[in-house]
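None of the figures in this text is laboratory data; all of them are computed from the coordinates on show. None of these values were measured; they are calculated from a predicted model. Glycine also receives a Cβ, built like all others from the backbone with ideal geometry; neighbour counts cover every protein chain displayed.
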Amino acid sequence: MSRSTITIDPVTRIEGHAKITIQIDENGHVEDARFHVTQLRGFEKFCEGRPFLEMPSLTARTCGICPVSHLIAAAKACDGILAVTIPRPASMLRQVLNLAQLVQSHALSFFYLSLPDFLLGMDEDPKVRNLFGILAKFPDVARDGVRLRQFGQSVIEELAGKRIHPSWVVPGGVNEPLTESRRDAILSRIPEALAIVRRALERGKRVLEDHREEIRTFANFPSLFMGLVDDRGLLEHTDGKLRIVDAHGKIIGENLDSTRYREFIAEANEGDSFLKSPYYRPLGYPAGIYRVGPLARMNIVDGCGTPLADQEWAEFRDLERGAVLSSFHYHYARLIEILYGVERMEQLLLQRDILSKHVRAQANVNNAEGIGIAEAPRGTLIHHYRVNEDGLVEWANLIIATGHNNLAMNRGILQAARHFISGRTLTEGALNRVEAVIRAFDPCLSCSTHASDQMPLHVSVVNQAGEILDQKIRG
Amino acid sequence: MITGPRIKTLTIDDKPVGAREDETILTIARENGIRIPTLCHLEGLTPIGGCRLCLVEVKGIARPVAACVTSVQEGMEVTTDSPRLTQYRRMVLELLFSERNHVCSVCVSNGGCDLQDLAQEFGLTHLTVPYQYPRHKVDASHPWFTLDHNRCILCTRCVRVCDEIEGAHTWDLFGRGMQARVITDLNQPWGSSQTCTGCGKCVHVCPTGALSEKGKSVREMRKSREFLPYLRLMRQGRQV
């Protein structure tokens, strides 16, 4: 048997465009598997020369699903350029906005993109293995997903005026205070959201029982984990300091100053992907592999800080003795974060000064450099700008949450491919499991909001002479 | 015998109207509630007929004429709206959009831009001519204001208001055709201009986000032009 390559292009039910190649050796065994991000955005380059005040809205255009994350990281970087501490109410409002996005994005990932695999089965026909399949068989579950996502989006709209690409978050704070009626409108929707997420958690935990093989083989390996924590070590998505823990759950980096991120994060460029591969600098490449996102956040914190989420977190951490290592548990962690998000939003909205009119600090350019770090739904997002004395951007570096997970995703698909694929014949279920590893990370390959079940998938096994040995086309 | 401007009678869109002989078609149309789209024109500044959006048809004249600079004549029959005029106005807008880098989504004037309003009015969802993507630098050297050539449509409102109202004549045009751009003083950074008084009139008459106040983020720049007709009248020594 000759060596061959299996290409999965595009990877479906993820956000953005990517493909997977799987190398098969002469004996029919998986030799290597690679995840390639095939879209190039070039934001870092075309931001150059623009006034820094444009950066939140400009970089938010990277994505239609998580524009809020970019708004917040960019605004924080710009706060640094202004050299201001934003008013407390503005900080809390940004937190609520960020959590609203977390809820809607996680709801999208779990209900729309991943639940079809869990409820309908990994081996189900892809024609029905999608949200519409869920709608036909489990209408209540589909409704929960739609309602939960709608809740998150509606909170964004109440706060920022529109659901996608609002311009409410500005350098120095936000540009309008929250009104009492809008605050009350959000609060009135919280009980339903809470009920939905509790139902989802119950269902999610049952799903775990049925997926022991996936738990064992979906990017389940030791790595570092990184994310923000607040000053008490609790879950924090908007402010806070970086913490890094190892596979045993031991803290190896604490109170890491965001302005010095380059001392502990380095980026490698690999020729076959437009996605850079960051790693923990002290351990080198590729030993410094780390993961970010919901799983990482659950692994690094000392607790969530809200009552219901704390109970769930304690149960989650009981899964393993050190850090929870299987990337399949990203799904579980995501649900706990939704619960936390809804609870925490309520806590913040009940703060006395949340309706304060003091929501913006005004200043001119006072620093030539600004770094903003926030937790996006998919993990730590870093925006770093340098400006000239007139406030025009001279250089920008954006480390996107999905990028941090690049090395882990690659290692993860190799692990799953070795377990589920052998020989020349492709089974739909095996390929879907390799894709599902990527889906567990919920990568946002920036910008694309294409409904993935409408995307065609073309997989072929090709030998070195270019002959097609087997192929499957769907879509 | 009393002498003064004579009165002319004409029709605009079949509506009989009377006008002083020194009035333009645009003025008399507006007085009679007939809308003609404009972009370079601004009440209070000398009209120049630059943008050609106010083109109207006059019976007996083959080519359309610019309403802002064409005086009324006895018996004129003016049409302000026709398929041909709409086509010309759309083409003017398309050329303006293609010539520079107008990206509304990240613009300070998004939601408060004359060019954007007109594009929406004419349903301009895409261009039939290719974008030019010129490379223009932003001049943010002024302590209070920013000039972004990428968003400039060369309407010269800034040039005129600075010259005619403020009396500073800081602004001017430089270059020809596609290379034309507005400059301050003798083509030096705005922040080092010796003549700029920092009054901000140019910023507020600018129809797009080309001139904006510093500190304004996306969608935050709103232009106030109410001052202009009053200032004009005051300059002429008339009571408001």
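Structure data summary
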| read-out | value |
| --- | --- |
| Rounded if a/c under 1.5, otherwise prolate or oblate - the stretch A:198-264, Cα gyration tensor axes | oblate |
| Chain B shape via C-alpha gyration tensor axes, a/c threshold 1.5 | oblate |
| Cα gyration tensor shape of the stretch B:168-219, rounded if a/c is under 1.5, else prolate or oblate by comparing a/b with b/c | oblate |
| Helical contribution to [θ] at 222 nm, DSSP H n ≥ 4, -39,500 (n - 2.57), averaged over chain A, rounded to 500 | -12500 deg cm²/dmol |
| Ordering of A:315-321, A:285-291 by packing [mean C-beta count within 10 Å, highest first] | A:285-291, A:315-321 |
| Test item: A:166-174 mean partner chain Cβ contacts at 10 Å | 3 |
| Fewest-first sequence of B:I165, A:I134, B:I7 by Cβ atoms within 10 Å of each Cβ | B:I7, B:I165, A:I134 |
| Helix axis angle, A:428-441 relative to chain A longest principal axis, alpha carbon, degrees | 20 degrees |
| Share antiparallel - DSSP beta bridges, the protein assembly as shown, percent rounded to 5 | 95 percent |
| Debye intensity ratio in log₁₀ form over the Cα atoms of the stretch B:106-235, taken at each q of 0.10, 0.15, 0.18 Å⁻¹ | -0.33, -0.75, -1.06 |
| Number of partner chain Cβ atoms within 10 Å, mean per residue of A:44-54 | 4 |
| In chain A, lysine pairs closer than 27 Å at Cα, eight or more apart or cross-chain | 20 |
| Whole-Å semi-axes of the ellipsoid equivalent to the stretch B:7-81 (Cα gyration tensor, √5λ, descending) | 18, 14, 11 |
| Pairwise centroid distance, computed over Cα atoms, of the stretch B:13-77 with the stretch B:188-224, Å | 30 Å |
| C-alpha long axis of helix A:88-107 to longest principal axis of chain A, angle in ° | 20 degrees |
| Scattering profile of the stretch B:1-143 at q = 0.10, 0.18, 0.20 Å⁻¹ [log10 I(q)/I(0), Debye over alpha-carbon scatterers] | -0.43, -1.07, -1.23 |
| GluC sites (Glu not before Pro) lying in DSSP loop within the stretch B:156-240, provided at most 15 other Cβ fall within 10 Å | B:E226 |
| Residues A:D123 and A:D32, FRET efficiency given R0 of 30 Å [Cβ-Cβ distance, rounded to 0.05] | 0.75 |
| Distance histogram in 10 Å bins (all Cα pairs of chain A, percent per bin) | 4, 21, 32, 26, 13, 4, 1, 0 |
| Inter-chain shielding of B:210-217 (mean C-beta neighbours from other protein chains, 10 Å cut-off) | 5 |
| Crossing angle, helix B:83-99 versus chain B [Cα axis fit, 0-90 degrees, rounded to tens] | 10 degrees |
| Estimated FRET transfer efficiency when R0 is 22 angstrom, pair A:K205-A:R321 (beta carbons, to 0.05) | 0.65 |
